[in-house]
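This report refers to the structure that appears directly beneath it.
The values are calculated or read from the model by the stated rules, or taken from the named source; none is laboratory data. Please read these numbers as outputs of a predicted model, since none were measured by experiment. Positions of Cβ are backbone-derived with ideal geometry, glycine not excepted, and every protein chain shown enters the neighbour counts.
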């Protein structure tokens, strides 16, 4: 039972109904679940936490931890965990979105969803519980408001979701951990400051992560928060792979290759080793994380040996809206032509890559394939450049690993779902012993499984497709660092 602290200072607030939240169900049962007699209710309105008598009340200052209801949230976590198993809320915060999952210890996804278009009038939250989906459409002005809406939806009894005190930790994806963070860490003020300091290396990615961390402080109080870094897996890069040929003082300021997509690559590497029946330390792979952001990683003995991205996520192969490797002299040329550094940075991040090569047509591979089929020359150029970059990088890493590669792994949205591009890429690698079974490879769309070997039956060198599970890796890190 949740105890009230300083009950004379509490103020009652009225529940919001599903109608007030503009809830539109895309599927599922109609009507509300009847509240069982004697059950402790949970607040549907922001900042409302209910007493055993079922009255919604705001927590007093005595119950607040960094702006959140820490004592109320944490009061029964240990007891709940013993009975139901621990649960973690996993957040992947973007500049205008929050992807989320509730994970049960051991790997099961209980709830998933996304808050989209934060800061716009047409914001919405999509929540999936089991086989049922719900949608809440309303303006969401910032990440804190998005997280409050997320918590409201998670704890709404009519959706049969969960209780707030069931959550034992929050795990965050943080893109850049600089040279400091080589493994997941529990977040404190010092860690937050470091993430903020490294925002200069990932200006589009670290600030949203900080916004998500701040929102949890304000909405969920002292709930343990864990940061899992995209750069951490690449901490094993040897100096010759991480160093740029630049002046010493630049390198001492942290200018080096860090690499990204490490959470995805590490997860895919562990699963690939199991699929191959090999010990992790005896597994060599080339992992292709292909999505709107894309990178290729050479994995030697289960560890990152080299990777295509650099100090920032701009480097490497052609991506959805980022160019990959470009002659740095281009920047000087554009500055001399009167372009501002702010505009150049924006264009490199948002108007380049597949979008730029297709003359603004699309950064979506599916749309480009459809346009290519109609004879669109810009779509054709974009896809040819994309394929060329990927195969060239794979070739370079095959050489770096002396050809001793047990499998090429495709993961990420494009890697998992585009059989056409997988076939185009692997067709360039037949001479190195890699080939596809066209039936296993499929066409466009998901293969319908989390893991697949799409090589011919007796092929010595494998081609694997592994569905990315960054959330699962983050959740397990959160459980590990908060395990009693």
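Points worth noting:
- Which numbered condition residue 207 misses (of (1) at pLDDT below 95; (2) under 18 Å from the mean Cα position of the chain (by Cα); (3) over 30 Å from residue 152 (Cα atoms)): (3)
- Qualifying residue in region 232-243 (condition: free of Cβ contacts under 8 Å to residues at least 12 places away in the same chain and outside the structural domain of residue 365 (by TED's automatic domain parsing)): yes
- Lone qualifier among 375, 442, 403 - being closer than 30 Å to residue 357 by Cβ and either surrounded by fewer than 18 Cβ atoms within 10 Å (Cβ to Cβ) or touching a strand residue (DSSP E or B) at 6+ places or on another chain (Cβ under 6 Å) (or both): 375
- Annotation note: of 198, 244, the sole residue that is part of a loop (DSSP other than H, G, I, E, B) and farther than 24 Å from residue 151 by Cα is 244.
- Any hit, region 248-268, residues being on the phi < 0 side of the Ramachandran plot and in a strand (DSSP E or B): no
So that you can scan it fast, the table gives a plain yes or no per residue for (1) in contact (Cβ under 8 Å) with a residue 60 or more places away in the chain; (2) outside any loop (DSSP other than H, G, I, E, B); (3) assigned by TED's automatic domain parsing to the domain that holds residue 429:
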| residue | (1), (2), (3) |
| --- | --- |
| 306 | yes, yes, yes |
| 316 | yes, no, yes |
| 321 | no, no, yes |
| 333 | no, yes, yes |
| 367 | no, yes, yes |
| 370 | no, yes, yes |
| 381 | no, yes, yes |
| 385 | yes, yes, yes |
| 394 | yes, yes, yes |
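- Taking the listed residues 152, 116, 122, the one that is more than 30 Å from residue 237 (Cβ to Cβ), touching a strand residue (DSSP E or B) at 6+ places or on another chain (Cβ under 9 Å) and at pLDDT 90 or above is 116, with no other qualifying.
- Of all residues making up region 176-193, the number that are part of a helix (DSSP H, G or I) and buried (at least 19 other Cβ atoms within 10 Å of the Cβ): 1
- Just one of the listed residues (414, 405) is at negative phi and either outside any helix (DSSP H, G or I) or not assigned by TED's automatic domain parsing to the domain that holds residue 302 (or both), namely 405.
- Among the residues listed as 280, 285, 335, the single one being crowded, with 21+ Cβ neighbours inside 10 Å, farther than 18 Å from residue 356 by Cα and either at pLDDT 95 or above or touching a strand residue (DSSP E or B) at 6+ places or on another chain (Cβ under 7 Å) (or both): 285
- Considering 449, 463, the condition of being closer than 18 Å to residue 272 by Cβ and assigned to a loop (DSSP other than H, G, I, E, B) is satisfied by 449 alone.
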